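*Asks:* Take a look at the following structure, please.
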Amino acid sequence: MDDFLYKSLLYDYYNGLLTDKQREIYAMYYHNDMSLSEIAENSDTTPQAVSDMLKRVNKLLVKYEDNLKLVENRLIIKEKLEAAAELLETGNADKIKEILESILDSI
């Protein structure tokens, strides 16, 4: 998975744990494609402060994921469901049941 997609998933899952200011700056940079200078001007701060905030937020998001594993678990469940969907075409009910039971055990 590319870095941008991974960061987006982390943000989707954990943005509620960030401060309003952290969410605002992160969204301006990653979602609105604004430069550090543009964000600094809008936030009445310096580009270096914006850069530092983005680094801190990215570290926080990774820390949350390391502790909670919500994104990792979602990706594992998605993979297993895709495998089960493929098996539906072959009619391998035993293998499908095994996959679904492993998903139930993980949640």
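The values are calculated or read from the model by the stated rules, or taken from the named source; none is laboratory data. In this text, all values refer to a predicted model and were calculated from it rather than measured experimentally. In this analysis, Cβ positions are derived from the backbone assuming ideal geometry, glycine residues included, and neighbour counts consider all displayed protein chains. Heads up: the accessible areas ignore ligands, DNA and RNA and are worked out on the full protein's heavy atoms, side chains in. Shrake-Rupley method; radii C 1.70, N 1.55, O 1.52, S 1.80 Å.
*Asks:* Per the helix-only calculation at 222 nm, which mean residue ellipticity applies to the chain, given -39500 (n - 2.57) for every DSSP H run of n ≥ 4 and division by its residues, nearest 500 deg cm²/dmol?
*Replies:* That calculation yields -25500 deg cm²/dmol at 222 nm.
*Asks:* Okay, next question. Report, to the nearest 10°, how far helix 70-90 tilts away from the longest principal axis of the Cα atoms in the chain, using its own Cα long axis and a range of 0 to 90°.
*Replies:* 30
*Asks:* I'd like to know which of Val50, Ala40, Tyr26 lies farthest towards the positive end of the charge dipole of the stretch 6-52, counting +1 on Cβ of Lys and Arg and -1 on Cβ of Asp and Glu.
*Replies:* Of the candidates, Tyr26 comes out farthest on the positive side.
*Asks:* How big is the chain in terms of Cα radius of gyration and Dmax, in angstroms?
*Replies:* When restricted to the Cα atoms of the chain, Rg and Dmax are 19.1, 61 Å.
*Asks:* Cross-link partners among aspartates and glutamates for Lys63, C-alpha distance below 19 Å, same-chain residues fewer than 8 apart left out?
*Replies:* Those aspartates and glutamates meeting the cut-off are Asp2, Asp3, Asp12, Asp20, Asp52, Glu72.
*Asks:* Excluding residues on the same chain fewer than 8 positions from Lys95, give the aspartates and glutamates whose Cα lies under 20 Å from its Cα.
*Replies:* Qualifying aspartates and glutamates at Cα under 20 Å: Glu79, Glu82, Glu86, Asp105.
*Asks:* I would also like to ask the following. Hey, if we sort Leu88, Leu75, Leu9 by accessible area with the 1.4 Å probe, largest down, what's the order?
*Replies:* Working: Leu88 120, Leu75 55, Leu9 20 Å².
Heavy-atom accessible area, descending, gives Leu88, Leu75, Leu9.
*Asks:* Considering only the other residues whose Cβ falls under 13 Å of the Cβ of Lys63, what net charge follows from Lys and Arg at +1 and Asp and Glu at -1?
*Replies:* Numbers: positive: Lys55, Arg56, Lys59, Lys69; negative: Glu65, Asp66.
That sum, taken over residues with Cβ under 13 Å, equals +2.
*Asks:* Going by alpha carbons, how many degrees (0 to 90, nearest 10) lie between the helix axis of 93-106 and the longest principal axis of the chain?
*Replies:* In the chain, helix 93-106 runs at an angle near 40 degrees to the longest axis.
*Asks:* Charges at C-beta only: +1 for Lys and Arg, -1 for Asp and Glu. How large is the resulting dipole of the chain about its Cα centre, in Debye rounded to 20?
*Replies:* Values: 13 positive and 21 negative charges, 71 e Å.
That gives the chain a dipole magnitude of about 340 debye.
*Asks:* How do Asp33, Asp2, Asp52 stack up against each other in accessible area, from largest to smallest, with a 1.4 angstrom probe?
*Replies:* The most accessible residue leads, giving Asp33, Asp2, Asp52.
*Asks:* For the chain, with the dipole built from +1 on Lys and Arg beta-carbon atoms and -1 on Asp and Glu ones, taken about the Cα centre, which of Tyr6, Ile103, Leu17 lies farthest toward the positive end?
*Replies:* With unit charges placed on the Cβ atoms, the residue in question is Leu17.
*Asks:* Using protein chains only and a probe of 1.4 angstrom, how many square angstrom of Thr90 are accessible, to the nearest 10?
*Replies:* My reading of the accessible area for Thr90 is about 100 Å².
*Asks:* Quick one: divide the alpha-carbon radius of gyration of the stretch 8-53 by 2.2 N^0.38 Å and tell me what you get.
*Replies:* Its radius of gyration relative to the 2.2 N^0.38 Å reference: 1.10.
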